[in-house]
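A quick write-up on the structure given underneath.
The values are calculated or read from the model by the stated rules, or taken from the named source; none is laboratory data. Keep in mind it's a predicted model, so treat the numbers as computed, not measured. We place every Cβ from the backbone using ideal geometry, glycine too, and count neighbours over all the protein chains shown.
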Amino acid sequence: IRSGFDEASVEGLFDISQTQQAKRILEDHGFDPEEELLINRSISRSGRNKVFVNGKLATVSLIQKITSGLVDISSQHEHQRLLDPETHITVLDDFGDLTDQLVEYETVFSEYETLQKKLETLQKEALSKEQQVDFIKYQIREIKKLKLQPGEEQELETERNLLRHAEHLHSASSESFELLYGETGSVLDKLSTIKKNLEELSRIDKSTQNFLEILEQCEINLSELAYAIRDYKNNVTFNPVRLSEIESRLHEIQRVTKKYGGSTEKVLEHLQNLEKKLEQLENTSFFIEETKSKLRKVHEKVYEKASQLSETRKKVAVRFAEAVENNLKQLGMPDARFSVVIEELPERQVNQKGMDTVEFFFSANPGEELKPLAKIASGGELSRIMLAIKVLLSGHQSREILIFDEVDTGIGGKTASLVGRMLHQISKNQQVICITHLPQIACFGDVHFSVYKELVDNRTETFIKRLDNEEREKEIARMLGGLKISEKTLAHARELLNFN
C-alpha cells in the first residue's frame, strides 16, 4: 500500500465466453455465468480484505478456485519449484493426462488411508487400554449401582413434595370436609334447609320446579366431592422415614446426573456408550487384527491400481523426455539430454500419488552424465527447461492465460530469439503475457505495453502504456541500444518486428 494511503486495489477483467469451467464454478457459487469476469480485491492497512466478483462480494478462496483454471504464472519462484523433485510427478501426470486414472486410484487409496488411521487409533488406545478400562468400569459401576429408571427423578420429586406438605394437605382436606359435610352449619346442612323452602315454592308455583331439580343435582355433586375429600384426607400420610429415603435417593441421582449428563436419560445413554467403549477396549486385540486384515486386502487393491498407474507413467515418461529434448533443441540446446527417472517406493509402500517417486535428470553437454536437475542446471538452462515443459503442458492444461515473468533469466542473443519464437508458438492457442527485458523476445509480441516510472509531485508513480507501431519500434530500439536511439537501431528494431 502506497505511503499516505489506507487501501490498495487491483482489478482483473477476463473474457470467459469460451471457458465453461469458470462459468460452472461461478454458477455453483450463486453467481450469474456472464461472458466477462471482473475480479476486484482491496487490501487495507488494517489487514482487512474485500473481494468482489462481477460486483458481488466474494471470498479469496473463490477467486483462487476460478483463476487456477484461467491463469498459469511462470516466474523465478516457479523455476525454483522445478528444482524440487516433489513437483516432478505432477508435471508428468499433467503431460500424460492421467486425471481419470489418478481419480480412480485416489478413490481406493482414500479407503486404505481411512483404515490406516483407524488402525493407528486402535493401537494408541491399546497402549493406554488398562488405565482406560479401570476408569470406565468405575463409571459403569457408579451408574449401575443406582439402578436408574427413566422418569424416576420426576416421580420422586412429586412424592417428596407431597410428603413435605402432608400436614397442611391433611389439615386443608379435613377442614374442607367439615365445611361441606359437618353436622351443624355445613354446606349440605344449609342445602337441606334451602331444599325445604324450594319444595314449598314448587307446591305453590309450578314454575319453580326446576329450582328444586338444580338444587338436588348440586346436593349430589357436593356429596360426591365431600366423600372424595374425605378419602383423600384418609390417604394423606405422615412418613418422615420415607421422606428421608427420597431425599437421599434424589441427592444420589442428582449427583450422578450432574456428573454424567444432566438428566437420567442422558446418564443412561452415557452408560450405553461406556459399555460399548469397554467392549471395544476389551476386544482391542480383535479389532486390531480385524483392521489389519482389511488393510492387507485393501492394500492389494491399492497396490494393483498403483502398479497400473506406474506402468502408464513409465510410458508417458519416455514420450515426455523425448518431447522436452526436442523443445530444448529448438531453444538452442542441441546436445541436451533429458530423462525422467521413476523409482518405486520401498517395501511396497504407497502414498496419495501412487507407488512412484519421479525426478527429472538433465545433461547440457556431450560426455556429461545425466544428473538430477537441481544439481546441475544453470539459470539460463533452467529457464529454457521450464519453457520447454510449459510448451508441452500448454496442450494438456485448460488454462487460457500463460504469464511468463523473467523467462529471459540467464539467456541472450540467439537463444533469446529462440525463446521468443517458442512463446509465439504457444500464443497461437493461448493468450501469452511475457515480461521481458530482451528485444529478441519482445519483438515476437503481437501487442506491446511499456511499463515505466515518472516523478509526479515529488513522488514516483508507475505507468503502463499500450504502444502503437511507431512507439513499438522506438521501444525495441531503446532495448537494443540504450537511451540513445539511432537510425541504425531503429532499422534493426524494424527488421526484428517485421521478420517476426
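Summary table below
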| read-out | value |
| --- | --- |
| Every pair of residues 6+ apart whose Cβ atoms lie under 6 Å, when the first sits in segment 231-247 and is closer than 12 Å to Ser171 by Cα while the second is polar (S, T, N, Q) and surrounded by 13 or more Cβ atoms within 10 Å (Cβ to Cβ) | Tyr232/Ser173; Lys233/Ser173; Lys233/Ser174 |
| Inter-residue pairs, beta-carbon under 7 Å, first within 18 Å of Phe444 (Cβ to Cβ) and in segment 483-498, second among the β-branched types (Val, Ile, Thr), 6+ apart | Ala493/Ile476; Leu496/Ile476; Leu497/Ile476 |
| Residue selected from segment 55-93 under the condition of a type in the set (Asp, Glu) and modelled with pLDDT of 85 or more, by the criterion nearest to Gly379 (Cα to Cα) | Asp84 |
| Checklist (1) loosely packed, with under 14 Cβ neighbours inside 10 Å; (2) touching a residue at least 12 places away in the same chain (Cβ under 8 Å); (3) out of contact with any helix residue (DSSP H, G or I) (no Cβ under 9 Å at 6 or more places or on another chain) applied to Thr19, failing item | (1) |
| From the options Lys258, Lys297, residue that is of a type outside the set (A, V, I, L, M, F, W, C), free of Cβ contacts under 8 Å to residues at least 40 places away in the same chain, surrounded by fewer than 16 Cβ atoms within 10 Å (Cβ to Cβ) and over 18 Å from Glu347 (Cα atoms) | Lys258 |
| Enumerated strands (runs of 3 or more DSSP E) restricted to segment 1-63, each holding at least 2 residues that are of a type in the set (D, E, K, R) | 7-15, 36-44 |
| Meets criteria (surrounded by 12 or more Cβ atoms within 10 Å (Cβ to Cβ) and out of contact with any helix residue (DSSP H, G or I) (no Cβ under 7 Å at 6 or more places or on another chain)) for Glu245 | yes |
| Flag if Lys428 is charged (D, E, K, R), at pLDDT below 90, out of contact with any Ser or Thr (no Cβ under 8 Å at 6 or more places or on another chain) and not in a loop (DSSP other than H, G, I, E, B) | no |
| Neighbours by Cβ (under 7 Å, 6+ apart or cross-chain): first from segment 103-117, part of a helix (DSSP H, G or I); second loosely packed, with under 12 Cβ neighbours inside 10 Å | Glu106/Gln352; Phe109/Gln352 |
| Failed item, numbered, when Ala226 is tested on (1) assigned to a helix (DSSP H, G or I); (2) over 30 Å from Asp189 (Cα atoms) | (2) |
| Residue match in segment 265-282 (condition: modelled with pLDDT under 85 and not in a helix (DSSP H, G or I)) | no |
| Residue match in segment 120-129 (condition: modelled with pLDDT of 85 or more and either on the phi > 0 side of the Ramachandran plot or of a type in the set (Phe, Trp, Tyr) (or both)) | no |
| Given (1) farther than 27 Å from Glu461 by Cα; (2) crowded, with 16+ Cβ neighbours inside 10 Å; (3) over 24 Å from the mean Cα position of the chain (by Cα); (4) of a type outside the set (Gly, Ala, Ser), number of the condition Leu62 does not satisfy | (3) |
| Residue list for segment 315-372, filter: on the phi > 0 side of the Ramachandran plot and either touching a strand residue (DSSP E or B) at 6+ places or on another chain (Cβ under 9 Å) or buried (at least 17 other Cβ atoms within 10 Å of the Cβ) (or both) | Gly332, Gly354 |
| Segment 308-335 residues that are more than 15 Å from Val91 (Cα to Cα), paired with ones that are basic (Lys, Arg) and not in a helix (DSSP H, G or I) (beta carbon under 8 Å, 6 or more apart) | Glu325/Arg337 |
| Test: residue in segment 455-462 that is β-branched (Val, Ile, Thr), over 53 Å from the mean Cα position of the chain (by Cα) and modelled with pLDDT under 90 | no |
| Lone qualifier among Glu454, Glu368 - being in a loop (DSSP other than H, G, I, E, B), free of Cβ contacts under 8 Å to residues at least 60 places away in the same chain and farther than 20 Å from Leu496 by Cβ | Glu368 |
| Phe499, sole failed condition from (1) of a type in the set (A, V, I, L, M, F, W, C); (2) touching a Pro at 6+ places or on another chain (Cβ under 7 Å); (3) under 18 Å from His424 (Cα atoms) | (2) |
| Within segment 163-198, tally of residues that are of a type in the set (Asp, Glu) and exposed (fewer than 13 other Cβ atoms within 10 Å of the Cβ) | 2 |
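Residues are listed down the side, and each one gets a yes or a no for (1) farther than 19 Å from Ala493 by Cα; (2) aromatic (Phe, Trp, Tyr); (3) free of Cβ contacts under 8 Å to residues at least 60 places away in the same chain; (4) in a strand (DSSP E or B):
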residue: Gly380; (1), (2), (3), (4): yes, no, yes, no
residue: Ser383; (1), (2), (3), (4): yes, no, no, no
residue: Ile389; (1), (2), (3), (4): yes, no, no, no
residue: Leu393; (1), (2), (3), (4): yes, no, no, no
residue: Gly410; (1), (2), (3), (4): yes, no, yes, no
residue: Ile433; (1), (2), (3), (4): yes, no, yes, yes
residue: Gly445; (1), (2), (3), (4): no, no, yes, no
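For every residue, the table says whether it meets (1) outside the structural domain of Asp457 (by TED's automatic domain parsing); (2) surrounded by fewer than 11 Cβ atoms within 10 Å (Cβ to Cβ); (3) in contact with a helix residue (DSSP H, G or I) (Cβ under 9 Å, 6 or more places away or on another chain).
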| site | (1), (2), (3) |
| --- | --- |
| Gly4 | yes, yes, no |
| Glu11 | yes, yes, no |
| Lys23 | yes, no, no |
| Leu26 | yes, no, yes |
| Glu36 | yes, yes, no |
| Arg41 | yes, no, yes |
| Ser44 | yes, no, no |
| Phe52 | yes, no, no |
| Lys56 | yes, no, no |
